[in-house]
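K.L.:
One structure, pasted below without further comment.
The values are calculated or read from the model by the stated rules, or taken from the named source; none is laboratory data. As the structure is a prediction and not an experimental result, all values here were calculated from the model. Neighbour counts run over all protein chains shown; Cβ positions are idealised from the backbone, glycine included. Surface accessibility is based on the protein's heavy atoms, side chains included, excluding ligands, DNA and RNA. Shrake-Rupley method; radii C 1.70, N 1.55, O 1.52, S 1.80 Å.
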There are 2 protein chains.
Amino acid sequence: MPTHPHFAPAVQTLRSSVYAGARPAAGLTPIPLHIGDTWMEPPAGCRMEDFRVADHPGMHRYTAVAGLPALRARIAELESARTGLETAPEQVLITAGATAGLAAAVGALVAPGEQVLLGAPHWPLIAGAVRAFNAEPVSVPLMTAVDSAEEAVACFERLRSKRTAAVYWNTPHNPTGRVMPREWLAALSDWAKSRDLWILSDEVYEDYVYAGEHVPTRPLAPELTIAAHSFSKAYGMTGNRCGYLVGPGRVIEAIERIITNLHYSACTASQLAALKALDGPGQDWATRACIRYSDLGRQASEALGLSAPEGSTFLFPEVSSALDERGLPGLLTDLTEQGVLVAPGPTFGPYPNHVRLCFTAAEPEQVRRGVEILAKRLGV
Amino acid sequence: MPTHPHFAPAVQTLRSSVYAGARPAAGLTPIPLHIGDTWMEPPAGCRMEDFRVADHPGMHRYTAVAGLPALRARIAELESARTGLETAPEQVLITAGATAGLAAAVGALVAPGEQVLLGAPHWPLIAGAVRAFNAEPVSVPLMTAVDSAEEAVACFERLRSKRTAAVYWNTPHNPTGRVMPREWLAALSDWAKSRDLWILSDEVYEDYVYAGEHVPTRPLAPELTIAAHSFSKAYGMTGNRCGYLVGPGRVIEAIERIITNLHYSACTASQLAALKALDGPGQDWATRACIRYSDLGRQASEALGLSAPEGSTFLFPEVSSALDERGLPGLLTDLTEQGVLVAPGPTFGPYPNHVRLCFTAAEPEQVRRGVEILAKRLGV
């Protein structure tokens, strides 16, 4: 045992910001393409100003840990319709963002020293959540590396060990903008079942598909899958910190035990906003946003000489042609000096020659300028 | 390694609700004295309805992980004045409630298998946070058991082991309503320094002191103390899930690494509400609430034949006289049938014959009725 006071081992493996490489240069208004956000304001009627104490007395008090009963019930209905699986309100857990939900799921399902296989490139925070609970994230190159369901399964199987407790994948995909085909998901789910592994299925961009279709994982492995969803991404409410998990009742109950002690509950007003969005103006807003995002994704990908994104709000260009002897840090420094912030590839797994950009994180005109600067540097 | 899929060991040691004993009986409107909340609405000007997109464009987007820079700076100023310790904004971390802050502090400072000594009776969720990170909470009977600073130190020292990484105490005290004397805090802090232990000092009720004075721990052990504070408790905003930690810069930076992956940040609108409360109507509201709470605490304690609370919003009566062969569960069942919900003593440590009640959790008239029912049962 080391001399106290020391930090927990987890701290040594974590960075404070996954975007530590990107800092705005003095004097320039930065174009923040490094964060997964939207420039759009949330639907009218679903903003904080729309929830008044006169209509919602006690709206600044605690809710139950698992969330407002009306919100859980509404989501259960939607989820039943969306997946064809009869889903009870007890299978839904409202969380302080999908991030908090996925982190708590790791806390409930993965013991210290166990491993979680992450379909890579992966959403950066899932690796951090696994490390925070003193478990080990293992990157499994997938979206940039394989072309078939069989290869996808082989990639995961190759890195599986006796210590593997769970697998994580996300679709529509952050950061590549691809959408996982049904056959891949079916084959991977069958494989996870055969290996008795939990599946953490991150579907927070499910409403943003521009080609193909989003396939939810739960129907493929209902007893093993914990699906993460986000009001942040669906309705432009990232700052509200409200999302939800859906899974088997006994698993949701276990995750609730962790949530109780990690953050207790999501913000009450954020839950009201989520319920309002589901009941009213959310769907229209998401439909309009989807058309707009699709255009922006196509324009950005064309400017960079990439395939158009099939979903999500990201592109993940390979940038080797723009690197000099300073490597990726040099490129990030140069771009930052020009006011363009992008996320470094290594935060997504073993990707020293990639960057991620979010094509909805700033006003479209700003994004266009940022992409132009990047394209010029890449020699496109 | 057990066969997968299994739950993490932490789950086995956690309950989903620390108030699992209390359920409202059918037909009766329950009087919810089991939760630490307030019936008062937050200050006018600091409610969600007061924050408009027109005035705060982007107010539904992400903030930095550590919180709004203006809020961190304002708290640093206040904390410098309150403690006499020059405190920089980098020493302040905004968290999704004090709960999320304390849990992340455990994650950053306590390794799996290590122990945290909890001054008992203790706030229930701290034990759960320690368990969630696969560490071991150790109850140290304190507020109900000792009469001097020397005894307090002896109690902690007796239960210290080589595995002890940190100590936790809270004042004004949840659940007993006592305020820890300066000499105790000074002696305990000196002891923690001599043993090289982290101090988690939970001061969320600092604004609610009715007798004596609140003594902040940071000036007594600035290099070792992480202090937790709450806008929830200060300004009647429990549902906003916004609080903060203050501590040494390098520790705050380490905790920020954990926060990034556990919940990313507190709700943006909640942070705006906190800043507004600090800058304007919060202090008046808290002053008025303090007078009101003091009256309510005195009335409730008189009705129960207890000493008046010195601070916080709780009483922790010993209820042996009301127990039959069914023990505490029997009493809780009976009270629930009469519509009165209280929190069971065992969630606060080794207290099988105590209950906790919050005398601000419902309208004063409701609280009065609930307390009357309990007093009658206790034969007061």
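K.L.:
Calculate the mean, over all residues of peptide B:51-57, of how many other protein chain Cβ atoms lie within 10 angstrom of the residue's Cβ.
P.N.:
Averaged over the peptide's residues, the number is 3.
K.L.:
A follow-up question, please. Please compute the contact order of the range B:48-279 in relative form: average sequence separation of alpha-carbon pairs under 8 Å and at least six residues apart, divided by the residue count, as a percent. It would help to have the intermediate numbers written out before the result.
P.N.:
Values: 444 pairs, mean separation 63.2, N = 232.
That works out to 27 percent.
K.L.:
Across the residues of B:128-135, average count of Cβ atoms on other protein chains within 10 Å?
P.N.:
Mean shielding by partner chains, rounded to a whole number: 5.
K.L.:
While we're looking at this one, here's another question. Based on Cβ point charges of +1 for Lys and Arg and -1 for Asp and Glu, what charge dipole magnitude is obtained for the range A:140-213 about its Cα centre, in debye rounded to the nearest 20?
P.N.:
It comes to approximately 460 debye.
K.L.:
For a protection proxy built on the mean count of beta-carbon atoms within 10 angstrom, sort A:108-114, B:361-367, B:118-124 highest first, please.
P.N.:
Values: A:108-114: 22.6, B:361-367: 17.7, B:118-124: 26.3.
So the peptides A:108-114, B:361-367, B:118-124, ranked by packing, come out B:118-124, A:108-114, B:361-367.
K.L.:
Would you check the accessible area of A:Lys276, probe 1.4 Å, heavy atoms only, in square angstrom rounded to 10?
P.N.:
Counting only protein heavy atoms, the figure is 90 Å².
K.L.:
Looking only at other chains, what is the average number of their beta-carbon atoms within 10 angstrom of each beta-carbon in B:59-72?
P.N.:
Working: counts 7, 17, 15, 10, 3, 1, 4, 2, 0, 0, 0, 0, 0, 0.
Whole-number average of other-chain Cβ neighbours for B:59-72 is 4.
K.L.:
Set the Förster radius R0 to 22 Å, insert the Cβ-Cβ distance between B:Ala70 and B:Glu90 as r into 1/(1 + (r/R0)^6), and round the FRET efficiency to 0.05.
P.N.:
0.95
K.L.:
Roughly speaking, to the nearest percent, how much of the protein assembly as shown's 1.4 Å accessible area is carbon and sulfur? Walk me through the numbers on the way to the answer.
P.N.:
Numbers: 13180 of 25670 Å².
Of the solvent-accessible surface of the protein assembly as shown, carbon and sulfur hold 51 percent.
K.L.:
Under the convention of a label 7 Å out along Cα→Cβ, give the distances in nm from A:Arg52 to the same position in every other copy, shortest first.
P.N.:
From this label point to the equivalent ones elsewhere in the assembly: 1.2 nm.
K.L.:
Taking only DSSP H segments of four or more residues, each worth -39500 (n - 2.57), what value at 222 nm results for chain B once the sum is divided by all its residues, to the nearest 500 deg cm²/dmol?
P.N.:
The helix contribution divided over chain B gives -12000 deg cm²/dmol.
K.L.:
Additional query: Among the trypsin sites (Lys or Arg not before Pro) within the range A:38-116, which fall in a DSSP loop and have no more than 13 other Cβ atoms within 10 Å of their own Cβ?
P.N.:
A:Arg52
K.L.:
For the pair B:Asp190 and B:Ala81, what calculated FRET efficiency results from E = 1/(1 + (r/R0)^6), where r is the Cβ-Cβ distance and R0 = 25 Å, to the nearest 0.05?
P.N.:
It comes to 0.50.
K.L.:
Accessible area per residue, 1.4 Å probe, Å², for the range B:48-279: what's the number?
P.N.:
So the range B:48-279 comes to 28 Å² accessible per residue, rounded to a whole number.
K.L.:
If the reach is capped at under 12 angstrom between alpha carbons, list the aspartates and glutamates near B:Lys276, excluding any in the same chain fewer than eight residues apart.
P.N.:
B:Asp50
K.L.:
Sequence-distant or interchain residues sharing an amide H contact under 5 Å with B:Glu136, placed H: which?
P.N.:
Residues meeting the amide H criterion: B:Gly113, B:Glu114, B:Gln115, B:Val116.
K.L.:
If you count, for each residue, the other Cβ atoms within 10 Å and average over each peptide, how do A:32-42, A:170-180 line up from highest to lowest?
P.N.:
A:170-180, A:32-42
K.L.:
Can you pull the Kirkwood radius for the protein assembly as shown, inverse mean 1/r over Cα pairs, to one decimal in Å?
P.N.:
26.5
K.L.:
Pull out the extension gain between B:Asp324 and B:Gln299, defined as 0.36 nm times the separation in residues minus the alpha carbon to alpha carbon distance; nm, one decimal. Mind dumping the intermediate values first?
P.N.:
Numbers: separation 25, 0.36 × 25 = 9.00 nm, distance 2.73 nm.
Length gained, B:Asp324 through B:Gln299: 6.3 nm.
K.L.:
Compute the whole-percent fraction of alpha carbon pairs in the range A:173-253 spaced more than 15 Å apart.
P.N.:
60
K.L.:
If you plug each phi of the range A:333-344 into the Karplus form 6.51 cos²θ - 1.76 cosθ + 1.60 with θ = phi - 60°, what whole-Hz ³J(HN,Hα) values come out, in order, with x for Gly and Pro?
P.N.:
For the range A:333-344, the Karplus-derived couplings read 4, 4, 4, 4, 4, 8, x, 9, 9, 10, 8, x Hz, x marking Gly and Pro.
K.L.:
Hey, any idea what the orientation-averaged projected area of the convex hull of the range B:197-353's Cα atoms comes to, in nm²? Please list the in-between numbers first.
P.N.:
On the way: hull surface 49.4 nm².
Result: a mean projected hull area of 12.4 nm².
K.L.:
Still on this structure: Please list 3J(HN,Hα) in residue order for the range B:147-161, calculated via the Karplus relation 6.51 cos²θ - 1.76 cosθ + 1.60 where θ = phi - 60°; whole Hz, with x for glycine and proline.
P.N.:
Karplus values, whole Hz, x for Gly and Pro: 10, 8, 4, 5, 5, 4, 4, 4, 4, 5, 4, 4, 9, 5, 9.
K.L.:
List the extent of the Cα atoms of the range A:279-341 along each of their three principal axes, largest first, rounded to whole Å.
P.N.:
Largest first, the range A:279-341 extends 53, 22, 15 Å along its Cα principal axes.
K.L.:
Sticking with this one: Counting only DSSP beta bridges with both residues in the range A:48-279, what percent are antiparallel, rounded to the nearest 5?
P.N.:
Antiparallel: roughly 30 percent of the beta bridges in the range A:48-279.
K.L.:
In sequence order, what are the phi-derived ³J(HN,Hα) couplings for the range B:193-209 according to the Karplus relation 6.51 cos²θ - 1.76 cosθ + 1.60 with θ = phi - 60°, rounded to whole Hz, with x for glycine and proline?
P.N.:
Karplus-based 3J(HN,Hα) across the range B:193-209 equals 4, 5, 9, 6, 10, 5, 10, 9, 9, 8, 10, 5, 9, 3, 7, 10, 10 Hz.
K.L.:
Once the label point is set 7 Å along the Cα-to-beta-carbon vector, what list of distances in nm do you get between B:Gln299 and its counterparts in the other copies?
P.N.:
6.3
K.L.:
Roughly what % of DSSP beta bridges within the range A:168-247 run antiparallel, to the nearest 5?
P.N.:
Within the range A:168-247, antiparallel bridges account for around 35 percent of the total.
K.L.:
Right, next: Let me know the volume per residue of the alpha-carbon convex hull for the range A:310-380, in Å³.
P.N.:
About 93 Å³ per residue, rounded to a whole number.
K.L.:
Quick one: Kirkwood hydrodynamic radius for the range B:77-231, alpha-carbon pairs, angstrom, one decimal?
P.N.:
After inverting the mean inverse Cα-Cα distance, the result is 15.5 Å.
K.L.:
If you don't mind, another one. Based on alpha-carbon atoms only, what is the radius of gyration of the range A:126-195 relative to the globular estimate 2.2 N^0.38 Å?
P.N.:
Cα Rg divided by the expected 2.2 N^0.38 Å: 1.11.
K.L.:
Got the A:Thr333 label distances to the other copies yet, label 7 Å along Cα→Cβ, in nm, shortest first?
P.N.:
Output for A:Thr333: 7.2 nm, nearest copy listed first.
K.L.:
Based on the alpha-carbon set only, what is the convex hull volume of chain A divided per residue, in Å³? Walk me through the numbers before you get to the answer.
P.N.:
Values: hull volume 60.6 nm³, N = 380.
Measuring per residue, one finds 160 Å³ for the Cα hull of chain A.
K.L.:
For the range A:177-330, what's the relative contact order in percent, using C-alpha pairs closer than 8 Å and at least 6 residues apart? Kindly include the intermediate steps, with their values, before the conclusion.
P.N.:
Values: 178 pairs, mean separation 40.0, N = 154.
The normalised contact order for the range A:177-330 reaches 26 percent.
K.L.:
Moving on. Based on Cα coordinates alone, diagonalise the gyration tensor for the range A:17-130, multiply each eigenvalue by 5, take square roots, and list the semi-axes in whole Å, largest first.
P.N.:
Its equivalent ellipsoid spans semi-axes of 30, 26, 15 Å.
K.L.:
Now a separate question. If you count the DSSP beta bridges with both ends in the protein assembly as shown, what percent of them are antiparallel, to the nearest 5? Numbers along the way, then the final one.
P.N.:
Numbers: 28 of 70 bridges.
Here the antiparallel bridges make up roughly 40 percent for the protein assembly as shown.
K.L.:
Can you pull the one-decimal nm distance between simple spin-label points at A:Lys376 and B:Arg182, each 7 Å off the Cα toward Cβ?
P.N.:
So the two model labels end up 6.4 nm from each other.
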